[in-house]
Structures are given as C-alpha cells and as structure tokens.
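Below is one structure; the comments refer to it alone.
The values are calculated or read from the model by the stated rules, or taken from the named source; none is laboratory data. Given the structure is predicted, the values throughout are model-derived calculations rather than measurements. All Cβ positions, even for glycine, are placed from backbone atoms using ideal geometry, and neighbour counts span all protein chains on display. For the accessible areas, the whole protein counts, side chains as well, though only heavy atoms, and no ligand, DNA or RNA atoms are used. Shrake-Rupley method; radii C 1.70, N 1.55, O 1.52, S 1.80 Å.
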Amino acid sequence: MADDSAPRARRLLGTLRDAWARWDGDRPPYALSAYRGYATPTRALVLARAHSQRAVAPPEAGHSPWRNLQGTLARLTHEALPHARVRCTLGGHTHDVGGDDEGLVHAWVELPQPLAPGRWHEATLTLAAAPGNSPAPATARVLAPAAGARFGVVSDLDDTVLQSDVTRLVQAARLVLFENARTRLPFPGVAAFYRALAAGTGDGGAAGNPVFYLSSSPWNLYDVIADFLEARGLPAGPILLRDWDLTRELSRTASFKLARLRELFDAFPALPFVLVGDSAQADPEVYAEVARAYPGRVPAVYIRDVTRRPERTAAVAALAETLAAVGTPLVLADDTLAAARDAAGRGLIAPAAVDAVAADVARDQSAAAPGPG
C-alpha cells in the first residue's frame with residue numbers, strides 16, 4: 001500500500017496556513033533570520049533566510065496549546081523573499097551573496113585569513129533590498145572547530161533528541177503545532193550524552209569536539225529548535241535544516257541529509273564523525289551510505305530504536321553487517337544509556353561520563369513523570 005502521509009500532511013498544513021492567513025490579515029514586513037553555520041580555515045558557510053516575519057512571543061512552559069498554535073502558524077506562514085540579495089561581513093571582509101527561490105541563503109564565502117579555531121564568530125548580514133521596509137541587520141554565528149578536535153558529532157533531532165513520534169502523523173503534528181521549546185521533551189539522558197561526546201575523553205573545555213544538528217525540519221522552526229537545545233542544556237552547534245514548501249512533496253529527507261553530510265565531510269577531510277540518529281526514517285540507510293563513501297571516517301553510528309518493529313530491526317541489523325566490513329560499528333540502542341556505555345567502551349567518551357548520563361536519565365524520567373492527580 002502506498003504511503004499517503006506526505007499528501008495528508010501537506011493538505012493539513014496547507015489548510016491551517018490558509019486559515020491563518022485569512023484570520024491574520026495583512027502581510028508583515030520582510031526581515032532576515034540568521035542561522036548557525038561553520039567555517040574551515042579557508043571559507044565559511046553562512047546561513048540565513050529572507051522572509052516576512054511576524055512577531056512571536058518567547059516560549060514559556062505555561063503557554064496554552066492555543067498560544068503555541070498561534071506561534072507555530074506564524075512561523076509556518078512566513079512568505080519567502082525570492083532571490084534576496086544579502087551583504088555579509090565576516091572577519092573584516094565583505095561579501096555579496098544571494099538567496100534561492102525560497103529566500104534561503106546557503107553561501108560559502110572565502111576567508112583571506114583563517115578564523116580563530118575553537119570558537120564562534122559573528123557575521124553581520126544586511127538585506128540589500130526588501131519591498132516596503134528597511135530591515136535591521138542580522139547576526140549569523142559561525143563555528144570554527146577546534147584544531148585539537150578528535151571527531152565531530154552529527155545528530156538528527158526528531159526522535160533522536162526530541163520526542164517527536166514521527167511514525168504517527170497525528171501525534172507528530174500535535175507536538176509541532178501545540179507544544180513549544182519549553183514544553184517539548186528530550187529523550188532521557190541525551191543532553192549529558194552529547195556533552196560527553198563534545199568533551200570526548202578530555203576535560204570538556206572550549207577545545208572540544210564540534211556537534212552539528214541535521215534535521216529535515218523546515219527553517220521556519222529554527223528558533224524553536226535552537227531554544228530547545230539551549231533550554232535542555234545540549235551543546236551549541238550549527239543547525240542544518242531545509243526548505244519546506246508546503247506545496248511540494250515531503251519525501252526528500254534522505255537526499256537532503258546525504259547532501260548536507262557530504263558537504264560536511266568534504267569541508268573537514270581530516271575529521272572523523274560520529275553519527276547519531278533513529279530508526280523511524282532513513283537515518284540508518286543514509287549514515288551507512290556515508291560510511292561506505294568515506295571509509296575510516298565514521299568511528300561509530302548510534303541509532304535509537306524507536307519503531308520496535310521486527311522487520312525494521314532486521315533491516316538495521318543487515319546494515320550493521322555491511323558496515324562492519326568497512327570498519328564502522330552500527331549500534332541499535334534501546335536508550336541513551338546503552339549508547340553511552342558503548343561509546344565509553346570505544347574510547348569516544350570518558351568512562352566517568354556514563355555515570356553522568358545515568359544520573360541525567362533518572363532526572364529526566366522523574367521530571368517527565370506525571371504528578372499526583
């Protein structure tokens with residue numbers, strides 16, 4: 001039977017978008033949203049989007065589902081400014097870059113001098129021309145990984161970090177539409193595990209391992225994701241999302257993730273990457289393809305088992321066998337603590353970090369448990 005979840009999701013969100021547009025009235029002014037990118041010694045990836053922008057209240061745990069819905073619809077109904085022209089100033093040098101037909105700026109700019117490694121740098125972005133208004137400049141942060149990093153980490157978000165239940169359309173839509181960054185729940189222990197991966201077996205200081213977040217979520221939800229990562233204590237890192245036009249098919253996840261991973265691996269040819277995802281969608285297949293394309297560059301793949309279907313478990317196990325031939329272990333883990341124990345055994349995190357993950361698991365489970373009554 002054909003999977004009709006993409007058309008159903010498109011119809012649902014399209015209906016909500018049209019209803020919101022009728023209720024909200026006039027189109028708001030254009031603005032630039034700046035996103036986190038990354039830099040090599042010779043060039044930097046600058047990410048931003050030009051679009052109409054409605055004011056959205058900062059998230060609070062006490063916000064009602066209706067208020068959260070208003071904020072979500074305000075984000076999803078942004079109108080892109082196609083082929084926007086943007087001026088970027090980074091490291092004392094200015095570059096003119098352009099956006100695509102959805103207003104997205106995904107531009108590599110040359111660096112006459114390397115940025116200082118192991119820290120974030122700020123790029124000032126100015127929208128050259130916006131119909132009807134003059135938007136304020138935006139600041140995009142760019143990470144230059146530490147020279148001493150042993151490996152990088154690339155992590156999916158939905159059903160890997162965030163509890164999203166993407167295998168069930170209605171439940172996933174409810175979480176996106178009616179929750180906010182302060183009410184969405186992480187998987188227990190995930191923040192401590194990622195902090196341990198960022199620290200490696202060292203002291204966890206500024207010269208740690210960079211963490212990159214790769215998701216098929218739309219750029220419209222960038223601020224929700226960034227706020228969630230900060231609120232839950234996960235390491236700050238570049239966030240790589242995608243265009244998500246509601247009139248298009250929603251089934252481009254695998255090709256999108258593969259393209260972003262290849263770009264990242266090619267940008268840092270000497271850096272290995274630990275890959276973390278889940279079994280709900282195509283993460284195991286995408287990561288396996290990358291591990292085969294870049295032999296010796298993936299010391300471990302961790303897949304959270306969220307489907308618990310025998311046929312899916314068997315498919316991931318078959319992938320694990322093929323990856324073993326190129327020296328990459330694929331671990332299908334029931335929970336975060338199992339992944340942390342394996343990572344400690346492989347020398348990816350400090351053994352003492354496993355206790356911190358276990359404590360984080362217990363704390364998160366206690367916080368998520370319903371109160372009396």
Exercise for the section: Give the residues of the stretch 78-90 that are surrounded by fewer than 19 Cβ atoms within 10 Å (Cβ to Cβ) and touching a residue at least 24 places away in the same chain (Cβ under 8 Å), sorted by residue number. Expected result: E79, R85, R87, T89
Practice task
Find the strands (runs of 3 or more DSSP E) located wholly in the stretch 87-168 whose residues include 3 or more that are modelled with pLDDT of 95 or more and within 29 Å of V290 (Cβ to Cβ), and list them.
Solution key: 104-110, 119-127, 138-144, 152-155
Practice task
Taking N180 as the residue in question, decide whether it is polar (S, T, N, Q) and modelled with pLDDT of 90 or more.
Solution key: no
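Whether any residue in the stretch 309-323 is assigned to a loop (DSSP other than H, G, I, E, B) and over 22 Å from R43 (Cβ atoms) is what I want to check.
yes
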Fill in the blank from the handout: With the first residue restricted to the stretch 350-361 and required to be outside any helix (DSSP H, G or I), and the second required to be among the hydroxyl-bearing types (S, T, Y), Cβ contacts under 8 Å at 6 or more apart or on different chains are A350/T201
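Given the options L323, L264, L275, name the one that is touching a strand residue (DSSP E or B) at 6+ places or on another chain (Cβ under 6 Å), touching a residue at least 60 places away in the same chain (Cβ under 8 Å), open to solvent by less than 30 Å² (accessible area, probe 1.4 Å) and hydrophobic (A, V, I, L, M, F, W, C).
Working: L323 fails: touching a residue at least 60 places away in the same chain (Cβ under 8 Å); L264 fails: touching a strand residue (DSSP E or B) at 6+ places or on another chain (Cβ under 6 Å).
Sole residue among the options that is touching a strand residue (DSSP E or B) at 6+ places or on another chain (Cβ under 6 Å), touching a residue at least 60 places away in the same chain (Cβ under 8 Å), open to solvent by less than 30 Å² (accessible area, probe 1.4 Å) and hydrophobic (A, V, I, L, M, F, W, C): L275.
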Practice task
Have a look at A367, A280 and point out the one that is at pLDDT below 95, of a type in the set (A, V, I, L, M) and open to solvent by 70 Å² or more (accessible area, probe 1.4 Å).
Solution key: A367
